[in-house]
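Trainee: Pasting in a structure now, in structure tokens, and then I'll have a few things to ask.
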Amino acid sequence: MTDNLLSDRPMVSHPGSEVLLEAYNLINGSRQASYGHPSDDYQRVVDIFRAITGHKLQPREGVLFMVAVKLARIGTNLEVGLFHEDSVIDAAGYLGCYSMVHNRPVKEGDR
């Protein structure tokens, strides 16, 4: 990611955009402190998934599965006229995790 691409423009906060900051704080703060880097965390997740189902996934696919879960829940709520902010924050967080997995340098010997 480059430095602030909008640095020549004034910063304006719009209602609803705070979910991105909350997701950022979660994946770089308490969740990372609890579970480690998403690459390591989702490697454990997909290893367990493979043991249960026999299907091999990459960590990025495990994260995308969680994005799908959150989008399905958002869709279910939308169908009944509800908005569940926590699911939106989680979806944004999982997309952030996906980017973190994608951008983590792979070391020799990693899976």
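Trainee: Relative contact order, percent, of the chain when contacts are C-alpha pairs under 8 Å separated by at least 6 residues?
Mentor: Worked out over the chain, it gives 32 percent.
Trainee: At a 10 Å Cβ-Cβ cut-off, how would you order T76, T53, fewest neighbours first?
Mentor: T53, T76
Trainee: Another question about this same structure. Enter the angle in degrees (range 0 to 90, nearest 10) between the Cα long axis of helix 38-53 and the first principal axis of the Cα atoms of the chain, meaning the one along which they spread out most.
Mentor: Orientation of helix 38-53: about 50 degrees from the principal axis.
Trainee: Moving on to the next point. Which one, V12, V88, V80, has the greatest fluctuation when you compute a Gaussian network model over the chain with C-alpha springs under 10 angstrom?
Mentor: Among V12, V88, V80, the largest GNM mean-square fluctuation belongs to V12.
Trainee: Which residue fluctuates the most in the chain, going by a Gaussian network model with Cα springs under 10 Å, if the choices are S13, S39, S30?
Mentor: S13
Trainee: Rounded to whole Å and sorted largest first, list the principal axis extents of the Cα atoms in the chain.
Mentor: Per principal axis, max minus min of the Cα coordinates gives 47, 40, 22 Å.
Trainee: For the stretch 38-98, how big is Rg over Rh, using alpha carbon atoms and the Kirkwood form of Rh?
Mentor: 1.07
Every number in this text was worked out from the coordinates using simple rules, so none of it is lab data. All values reported here derive from a predicted model rather than from experimental measurement. Here the Cβ is made from the backbone with ideal geometry for all residues, glycine too, and neighbour counts use every protein chain on show.
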